[in-house]
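Below is one structure, written out as structure tokens, with a few remarks after it.
The values are calculated or read from the model by the stated rules, or taken from the named source; none is laboratory data. All figures in this text were calculated on a predicted structure; none of them were measured in a lab. Cβ: placed from backbone, ideal geometry, glycine included. Neighbour counts: every protein chain shown.
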């Protein structure tokens, strides 16, 4: 079997896609990569919110998938909205890389060592900005976009104190000695570290194929964290976080939600993972309401 796979052209996107291709080769499948430029790749000046949300990284790829130009697409799942275009679906995902964010320091200090100093932290994510300000309330947040290497270069050129990046991307690019892991209390974006394999709905043959790559813990995490997005009508424009941990027989969801300048967080525990998304979303919306913010 030979398949055409669509992906963005960044180093990280290609590393992720080549990893999937390598896994598929064990089952006698060969793949041809088609690099597709997205709005997010072509416009790196404006903010993600101004351009229309994280869909700017997937829209053009999904058009090629719907037209049959490619057989499947490889995405960072955190970039995909909770509702996909009609005719498309998510297939199984391989084992998750790290879900957590990381602090990349310009001078080797940890984020805790910056508590009493005037610092400038680079991030293009409102969620990460809220989390940073909880730890470093006097920090200046500097908007920054681009691929991982570009952001690190900008950090040095603009003399930023540090950056917040996804640990998964740093690991996949072999930059694992350059950061501090921030952990689950610094609530990550839903499905961060998970790869999304997107296919057309009628391609049951690809579902059967990708099942061979699948990981059960990742499947449950993906279900709960994307369910949380759906409960909140999440299009990736909204500052929100979710990470499902499994502790023995308990499922534990770390979740966060923002509206304007209000940011609330919670930890939710259940033996039934299917009820956690609703439990968390309802509680966080109620707590925002108590702060005078209505989340709709």
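I'd like the residue in region 20-38 that is under 30 Å from residue 240 (Cα atoms) and surrounded by fewer than 16 Cβ atoms within 10 Å (Cβ to Cβ) and, out of all such residues, is modelled with the highest pLDDT. Talk me through it step by step, then tell me what you get.
Our first condition is that a residue be under 30 Å from residue 240 (Cα atoms); within region 20-38, this holds for 20, 35-38.
Okay, now just the ones that are also surrounded by fewer than 16 Cβ atoms within 10 Å (Cβ to Cβ), so 35, 37.
Working: 35: 98, 37: 94.
Within region 20-38, the match that is modelled with the highest pLDDT is 35.
If the condition is being modelled with pLDDT of 90 or more and in a helix (DSSP H, G or I), then region 39-80 contributes 59, 60, 61, 62, 63, 64, 65, 66, 67, 77, 78. Taking first residues from region 12-26 that are in contact (Cβ under 8 Å) with a residue 12 or more places away in the chain and partners that are surrounded by 18 or more Cβ atoms within 10 Å (Cβ to Cβ) and in a helix (DSSP H, G or I), the Cβ contacts under 8 Å between residues at least 6 apart in sequence or on separate chains come to 12/148; 12/169; 12/172; 15/172; 16/172; 19/172; 24/209. When residue 139 is tested against the conditions (1) touching a residue at least 40 places away in the same chain (Cβ under 8 Å); (2) touching a helix residue (DSSP H, G or I) at 6+ places or on another chain (Cβ under 6 Å), the lone failure is (1).
The residue of region 91-107 that is farthest from residue 120 (Cα to Cα), among those that are assigned to a strand (DSSP E or B) and within 14 Å of the chain's Cα centre (by Cα), is 101.
Here's a check for you: in region 138-152, which residue that is outside any loop (DSSP other than H, G, I, E, B) and over 20 Å from residue 42 (Cα atoms) is farthest from the chain's Cα centre (by Cα)? Here the answer is 140.
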